[in-house]
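The values are calculated or read from the model by the stated rules, or taken from the named source; none is laboratory data. Nothing here was measured: the structure is a model prediction, and the numbers come from that model. Cβ placement follows ideal geometry from the backbone for every residue including glycine, while neighbour counts extend to all protein chains displayed. The accessibility values were calculated without ligands, DNA or RNA, using every heavy atom of the protein model including side chains. Shrake-Rupley method; radii C 1.70, N 1.55, O 1.52, S 1.80 Å.
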Amino acid sequence: MRAFKDSKLRVWVRRKVTLKSWLLKVVGRIARTDEVVFIDVPGLNDLYKSFYPVFKSKYFLYNRKLNFREEFRIARAKVIVSSCGAVKREVNWGGRRIELWHASGAIKKIRNYSYAKIREDYLVAAPSQYLCQLYSSSFGAVADNVLAIGHPKTDKYYLSSVVEQRSGFIFKKYPQLRDKKLYLFAPTFRKSLNGIAYYSTSIDFHQLADRLKSNEVVIVKLHPLVLKSMGQHNIPEVNNKIVHLPEEHIDDLLMVANVIVSDYSSIIFDSVLLKKPIVSLAEDIDDYQMSSGLALDYRVEIPFTILEKASDEFLIQCLRAAKVNERRYEDFSLKYLDACDGKSVKRVLKCVSQLLGKDVMLSKSVKC
């Protein structure tokens with residue numbers, strides 16, 4: 001009897017949500033505005049940081065549980081710019097959409113069930129001409145609507161003033177990191193059979209800490225899914241030598257790091273653009289390829305050292321010896337990041353203007 005009542009309740013709630021969405025779509029279409037709404041990934045504000053300084057919009061939202069007023073804004077908007085995948089399509093009928101995948105590129109295969117909602121009215125931004133085909137197939141988007149216009153968040157890497165400002169922010173907040181050689185450990189997550197995000201490595205971080213010199217620090221920045229409740233990892237904090245900074249934005253940490261340690265995370269693209277030495281700790285590369293899938297031939301394409309087996313001693317040797325291979329970085333950038341040249345915000349806003357049918361209003365204080 002209880003199960004029957006629960007089932008009826010779910011049906012009632014689903015019908016109520018469907019009715020509300022239908023009403024929002026109808027009213028939104030009738031009362032259409034020329035507004036542009038930006039919707040970010042939960043916990044991130046990349047769109048806000050990229051567009052707020054140059055675009056006069058009051059509507060920067062997060063893909064979370066929105067209130068009715070926010071949903072009504074989305075329903076009436078003429079253009080929706082999203083970084084989290086076909087968000088809130090169910091409340092907007094007839095608006096145009098631009099999808100900016102939240103990562104700077106694709107190392108692992110892109111899988112997001114919300115992209116099943118993408119139709120021909122979507123424009124999808126890709127970081128390079130080469131990746132347009134991958135983005136088209138991954139997102140189910142029409143090939144002609146996938147444009148190599150880059151990723152807006154990468155524009156800041158070309159602004160020395162922004163790099164200095166964000167680096168200064170980190171060192172002011174954590175003065176103990178100043179004048180240290182900083183190794184940023186930032187792997188992506190794995191998922192267990194029951195769907196829990198986790199990260200595990202064979203590296204003994206206690207022994208690694210013992211091997212670090214007085215001027216060396218490992219900063220750990222785990223994937224947000226691992227940091228959420230139930231997420232699991234085996235990386236301890238150790239004597240101010242292994243330091244977790246979960247609250248800091250990964251881009252800020254990339255700017256201050258001397259060497260990056262990652263695996264199949266898209267921060268590899270950001271690190272290449274910043275010309276940072278990188279070491280890949282890919283202990284489970286074959287298993288990862290089977291379970292999650294990789295979007296490129298990792299062993300061939302990656303322009304830096306790949307460690308498939310590593311001890312704490314060998315890892316620290318590689319970190320100290322890590323250098324940028326200029327030729328391989330350049331070839332990698334030309335293939336995977338040729339549209340990330342510091343002008344991506346300008347290209348996205350040009351697309352917004354075309355969809356609006358008029359020039360967007362830019363801030364007078366900032367030139368796009």
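Descriptive notes on the structure:
- Qualifying aspartates and glutamates (Cα of each under 14 Å from Cα of Lys346; at least 8 residues distant if same chain): Asp155, Asp359
- Share of carbon and sulfur in the accessible area of the chain stands at 52%, probe radius 1.4 Å.
- Overall, the ratio between the Cα radius of gyration of region 106-244 and 2.2 N^0.38 Å, rounded to two decimals, is 1.37.
- Placing a pseudo-label 7 Å from each Cα along the Cα-to-Cβ vector at Glu313 and Asn67 gives an inter-label distance of 6.1 nm.
- If R0 equals 35 Å, the separation of the Cβ atoms of Lys173 and Lys109 corresponds to a calculated FRET efficiency of about 0.45.
- Relative contact order, percent, region 185-336 [alpha-carbon distance under 8 Å, six or more residues apart]: 24
- With respect to the chain, whose longest principal axis is taken over its alpha-carbon atoms, helix 344-356 is tilted by about 10°.
- Rg over Rh for region 246-322 works out to 0.96, using Cα positions for both radii and the Kirkwood form for Rh.
- Nearest 10 degrees, 0 to 90: helix 312-321 Cα axis against the chain principal axis: 80
- Here P(r) over Cα pairs in 10 Å bins from 0, in percent was calculated from the structure, and among [x] 5, 23, 33, 27, 10, 2, 0; [y] 5, 26, 36, 24, 7, 1, 0; [z] 5, 22, 30, 24, 13, 5, 1 it sits at label [z].
- Note on Ser292: accessible area is roughly 40 Å² with a 1.4 Å probe, heavy atoms of protein only.
- The dipole here belongs to the chain: it is taken about the Cα centre, uses +1 on the Cβ of Lys and Arg and -1 on the Cβ of Asp and Glu, and is about 2160 debye.
- Rounded to the nearest 20 debye, the dipole size of region 261-320 about its Cα centre is 380 debye, using +1 on the Cβ of Lys and Arg and -1 on the Cβ of Asp and Glu.
- The shape of region 212-282 comes out oblate: with a ≥ b ≥ c from the C-alpha gyration tensor, a/c is at least 1.5 while a/b does not beat b/c.
- Distances between placed amide hydrogens fall under 5 Å for Arg96 paired with Val79, Ile80, all partners being 5 or more residues away or on another chain.
- Between helix 2-30 and the chain: long-axis angle, C-alpha atoms, 0 to 90°, nearest 10: 70
- The chain: calculated mean residue ellipticity at 222 nm from DSSP helix runs of at least 4, using -39500 (n - 2.57): -10500 deg cm²/dmol
- Over 28 Å between alpha carbons, listed pairs Lys241/Lys275; Lys153/Lys350; Lys58/Lys276; Lys49/Lys109; Lys180/Lys323: Lys58/Lys276
- Sequence ranges 231-238, 196-203, 172-179, ranked by mean other-Cβ count within 10 angstrom, highest first: 196-203, 231-238, 172-179
- Each peptide in 45-58, 300-313 receives the mean, over its residues, of other Cβ atoms within 10 Å, and ordering these scores from highest gives 45-58, 300-313.
- A 1.4 Å probe run over the chain, with the rest of the protein chains in place, finds 52 Å² accessible per residue.
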